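Peer 1: I have a structure I would like to understand better, so I am pasting it below and will then ask my questions one at a time.
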């Protein structure tokens, strides 16, 4: 593996961690955790469910943003995609720890659907052809140049073998 490729993977992973930290800190800043009061765990468990839903929405937005970045910005796109995946993991974990079983199931089902949809769109959709389709019967310019170079090398090789 090339050094540049290893650094790109490390950078994308680190970007993903920073994205989930940014979202987690942002959600906790604007919707802080309630103080635990003896005999009132429902308020805390409701906060967990609401936080999980907010994180799920944020994760979905982040995952969607990663789809719209150009392919030539693969490192940034992959880092943001990882940030969305990590945020989705955080959302599911927060939701699973709440006590609302039906809503918990709905949130996890939505997380599953979003994850499958984003994965499909990111990894299995057809990519546009890199080279535009040529008119029938024409040869692209670089193919002709390469063929001419091969012919020159074969001519030189033939002269060397005869001489």
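Peer 1: Using the count of nearby Cβ atoms within 10 Å as a rough guide to exposure, how do 143, 96, 19 rank from fewest to most?
Peer 2: Ordered from fewest to most neighbouring Cβ atoms within 10 Å, 143, 96, 19 come out as 143, 96, 19.
Peer 1: Here's something else I'd like to know. Suppose the chain between residue 113 and residue 69 were pulled fully straight at 0.36 nm per residue; how much longer would it get relative to their current alpha carbon spacing?
Peer 2: The residue 113-residue 69 span can extend by a further 13.7 nm.
Peer 1: Ranked highest first by the average count of other Cβ atoms within 10 Å around their residues, in what order do 153-160, 52-59 fall?
Peer 2: Highest-to-lowest ranking by the protection proxy: 52-59, 153-160.
Peer 1: Further question: So between residue 10 and residue 102, what do we pick up on full extension, going 0.36 nm a residue minus the alpha carbon distance?
Peer 2: 29.3 nm
Peer 1: What share of all Cα pairs of the stretch 3-123, in percent, falls into each consecutive 10 Å distance bin?
Peer 2: Reading the bins upward from 0: 14, 39, 29, 13, 4, 0.
Peer 1: Quick one: compute the contact order of the stretch 3-123, relative version, from alpha carbon pairs under 8 angstrom and 6+ residues apart, as a percent.
Peer 2: Taking the mean separation of contacting Cα pairs over the length of the stretch 3-123, I get 34 percent.
A short reminder: the numbers here are calculations on the coordinates, not readings from a lab. Note that this is a predicted model, so its numbers are computed, not measured. Don't worry about glycine lacking a Cβ; one is built from the backbone with ideal geometry, like all the others, and counts go over all protein chains shown.
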